[in-house]
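Taken together, the values in this text are just the output of simple stated rules run on the coordinates, not laboratory data. Model, not experiment: these values are computed from the prediction. Neighbour counts are summed over all protein chains in view; Cβ atoms, including those assigned to glycine, are modelled from backbone coordinates with ideal geometry.
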Amino acid sequence: MATTDRGSRPTSVGDLVEGSTDVTTKNAAAKHAPGAWGARPRLAWALLALAPTVALAFKVISPANHENITMNAIRSVMPGADPMMINNIQQGVVNTDLTHFSETEFHFDNSTASNGGFDNGFAAISDMALQAHAEAMMCDGSTPCDSVNPLFVNPQHPSYRELLESIAETYMDLSLTDGCLGEPACWSADLAGRATFIYTALLPMLVVDQDPDPDTVTVLPNGLTTNGLPNLAPLVLAARQQLDAALGGTFCRPWPYQQLCFVGIGSMAPGHADFHLDVGRLEVLQFEYQAYFAWQHLGHAMHTTEDFFAHSNYVELVSCRKGPPCDATRIPGAAAICDTPLDGAPASWTSLPLPTDGRSAQDLVQFFLPSFSQAAVNGVLNAQPRVFADDNSAHLQTGNFPCLLQSPDSSFQYCHTGGGDTGVTTAAGLNKDKAYGAGEEPNHQNFDWANLTATREAAALFTSFMYSFVDGPPRLATNPLAGTAPVGPRPSCGISVAASASPRVTVQVAPVGQPPALTPTRATLRPRILPGAPLAASVKPAFAQRVLSHPELLTRDPRPRIFVKIAPNRAFRPGERVSIRVDAFDARTGEPVAGMPVSVGTQRGVTGAPFALTVPAAASSRCTIHGGERVCIATPAALAGTVDDPAGRYPGGGGRFSLSIIAPRLQATILGGPAVTPDAPGFTVSAVDSASGKPVVGAEVLVAGRLVGPANKPLALRLPSPPPAPSAVGPVALGPSIVVRAPGYGEQLVNYFVVPRGTPMPPH
C-alpha cells in the first residue's frame with residue numbers, strides 16, 4: 001500500500017531558483033521566457049527541457065523572508081500548529097511571487113493614496129482570504145466538513161508532489177484488489193487510468209513549481225505566460241475532479257449487466273475489507289487535496305498583507321518620518337521624501353499602531369477584512385501627529401515598479417528598488433524586503449520595523465481566519481490579540497504610542513458592483529470574489545456534512561516523530577545524475593535535524609547536506625488474485641528513501657520519503673469492450689502509450705502467464721465458457737489473467753470478463 005507519510009518539499013523554491021520568496025525584479029525577460037507552455041499532457045516531455053531556462057528568468061532575493069514572517073505569525077497565535085500545515089501555507093506564500101508576480105495588486109505595487117492601487121491590494125487580500133475560508137470548510141469540493149477540514153490543520157504530506165504520488169499509488173492498489181477486479185463497475189472508474197494521468201501528465205510538469213498554484217496564470221497573446229511558468233491550474237483542477245468523481249460519481253457495469261450502477265466506488269464490493277480500506281485512504285487524500293487549495297489562497301492573502309508593509313511607506317509615516325532613509329547626495333529633493341532611519345530595533349511586539357489594534361480575537365472574525373483597508377489605514381495615519389502640512393494619509397504610496405526611468409514616474413516619489421531597475425542612482429528606493437547590510441539600499445535600514453509590523457498583521461489575519469470555524473478558537477492561544485494596543489515610545493513622534501492608539505474606524509462597505517473610483521493608472525481593479533456570507537462559518541451548515549469513513553487513518557503516533565523534505569522536489573528520469581538534499585524536521589517543533597543517515601536505494605547521505613545521486617529505474621511487483629489465479633505484474637514505482645534514527649530520538653517514526661520517477665506507461669484494453677464471448681474466434685488486445693496514444697511497438701500478450709502473441713493484432717484464441725450467471729446482476733466470470741508487457745514499460749493487467757455462451761450481442 002502506498003504510504004501517506006512521505007517526505008519532501010524544499011525550504012526554498014528549489015535548486016533551479018535561488019532560495020527566496022520575493023521576486024523583486026519580476027522583469028520583462030521573465031515575461032517573455034522561451035517556451036510555449038501548455039496544459040496538454042503530451043507536452044509534458046518537451047517541457048522538461050525548457051524548465052531550467054524558465055527558472056533562471058527570475059531574479060530572486062530575500063531568502064525565506066516571507067516564509068519566516070508567515071511561520072512566526074502563525075506560531076505567535078497557534079503555538080502548537082502542525083509544522084506541515086505551516087509549510088504548506090508557506091508554499092502559497094511562495095507561489096504569490098511565482099504565479100502572481102506580474103499582478104500588481106498582489107504586491108501593492110504602483111499604489112498611491114489616490115490612484116486606487118491600495119484598494120486593489122486590499123481587495124486581493126479579501127478575495128484570497130474568503131476563498132481560502134470557503135475551501136477550508138469543504139472536504140471534497142462540494143460537501144462541507146463538520147468544521148475546518150481536518151487535513152487543513154493536520155496534513156499528511158509536506159508537498160503537493162508527494163500528495164499526488166500517494167493518490168496515484170492508492171488508485172493502483174485499489175484497481176488490483178479482489179473487490180475491484182471482481183466488479184466490472186469498478187473498471188469503468190478506470191482507476192489505473194487516473195493514476196496514469198497523474199504519472200504522465202502532471203508529475204513530469206512539476207519541474208520548476210513543485211507546489212503548483214491552482215490559480216490560472218495570465219497568458220499573453222503570443223501564447224506565453226507572463227511569468228514564464230507552465231499554467232498548471234487546469235491540470236491541478238482536473239486531478240481533483242478525477243478524485244472527486246472516483247469517490248462520488250456514478251459507475252455502471254458494462255454490457256450485458258449495465259442496469260447495475262453504483263454511486264461512488266465506496267458503495268461497491270461489500271465485504272471486501274482491503275478494498276474499503278483503500279477507499280478510506282483515498283478519502284483522506286481527497287480531504288487533503290481540497291485543503292491544498294485553502295493553503296495556497298491563505299498563503300496568497302498573507303503574502304499580500306506582508307507586502308503592504310514591505311513595499312509602502314506606512315511604517316515611516318506612522319512613526320512621524322517623511323520617508324525611508326536615502327542617499328541625499330544622489331537623490332534630488334531627498335529632503336522632502338527621505339528621513340533618518342527608524343531608531344534601532346522595535347522596542348516591543350506592538351511598537352507601531354495598526355488598524356486591528358484593540359480588537360479581541362472574537363471581534364476579528366467580522367472585523368479584519370473590512371478594517372484592513374485604505375480607509376482604516378488612513379484613519380490610523382491621520383491620528384498621528386502631522387508629518388507634512390496636509391494629512392499623513394495623502395503621502396501613503398508604494399514604489400513605482402518596474403522603475404525604468406532615471407527618476408520615478410510623475411505620480412510616484414519612489415522606485416521599488418533604489419536607483420530604479422536600470423541601475424541608475426537618482427531614485428530613492430522604498431522596499432523593505434531585505435535585512436540591511438553592507439552595500440544594501442539605505443531603505444533596508446527600516447527592515448526590522450516593517451518585518452515585525454507585517455508579522456503582527458499576518459497574525460491578525462490568521463487569527464481571524466481560524467476564529468471563523470466552529471472548532472478554530474480552541475486551537476489558538478486564549479484571545480491572542482485581545483486588547484492588544486501599541487506600547488512604548490515610537491521614534492520621532494515625541495509621544496507614547498499608547499497615547500495615540502489606533503482609533504476604531506467605522507468602514508462603510510461599498511455595495512456590490514460599485515468598486516472604488518479609479519484614476520487612470522497602471523493599477524486595475526480585479527473582478528472580486530463575492531461569497532454570499534463572508535466568514536459566516538461560525539454557524540454550522542444546516543445540510544449534511546461529510547465525515548471520513550475511516551477516521552482511524554488520521555491517527556498518528558503521539559511519540560516524537562519527524563517529517564522529511566527534499567530538494568529539488570520534482571520528478572526525475574532514470575539514469576539522471578543529480579545533487580539532492582534531504583532535510584528532516586521535528587514534527588512537533590518544526591526544527592531541522594541534521595546529520596541523520598539517509599538511504600535512497602543503495603546510495604547514502606545525511607540530512608542537511610547535499611549528496612550526489614544517480615537515479616535508478618524503480619519498479620514494484622504488485623500481486624493479486626484474478627479468477628482464482630495468483631498473478632503478479634511489474635509496474636513503475638516511486639523510488640523509496642528513508643531517514644534513519646539510530647539514536648532512537650524519534651520512536652514515532654516518519655522518516656520515509658519518495659522520489660517520483662518519470663517512466664512511460666501502457667494503456668491496455670480489449671478492443672470492443674471488456675465483455676468477451678467464448679464463441680468468438682479470437683480478440684485483440686490494444687496496447688498504446690499513455691502519453692502519446694500511439695500503439696506500442698513490441699508489446700506482447702500473456703494469458704495465464706503464457707506468451708500467446710503480439711498486442712495490437714488479432715489473437716486466434718478462444719476463452720473457456722463460464723457457467724450461466726444466476727441473474728442479470730449476478731457475478732461476472734473472470735477468465736484467465738491477461739497481461740501486456742513491452743520493453744521499457746511496466747506491465748499492465750487487462751480488465752475483461754467472459755459472458756456465458758448464447759448471450760445475445762448488444763445492438764449496434
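The residues packed around His311, meaning those with a beta-carbon under 9 Å from its beta-carbon, carry a net charge of -2 if Lys and Arg are +1 and Asp and Glu are -1. Placing unit charges on the Cβ atoms of the charged side chains and taking the dipole of the stretch 556-660 about its Cα centre, the candidate lying farthest along the positive direction among Pro560, Gly575, Pro651 is Gly575.
Database remark: amide H of Ala733 closer than 5 angstrom to the amide H of Val754 (H placed geometrically; neighbours at sequence offset of 5 or more, or on other chains; Pro and chain starts carry no H).
Ordered by the count of other Cβ atoms within 10 Å of each Cβ, fewest first, Phe118, Phe106 give Phe106, Phe118. Just how far, in whole angstrom, is the stretch 605-672 from the stretch 688-704 if you go by their alpha carbon centroids? Between the Cα centre of the stretch 688-704 and that of the stretch 605-672, the gap is 23 Å. Exposure proxy shown here: for Asp278, Asp586, Asp391, the number of other Cβ atoms within 10 Å sets the order, fewest to most, as Asp391, Asp586, Asp278.
Exposure proxy ranking for Lys432, Lys322, Lys565, Lys713, based on other Cβ atoms within 10 angstrom of each Cβ and starting from the fewest, stands as Lys713, Lys322, Lys565, Lys432.
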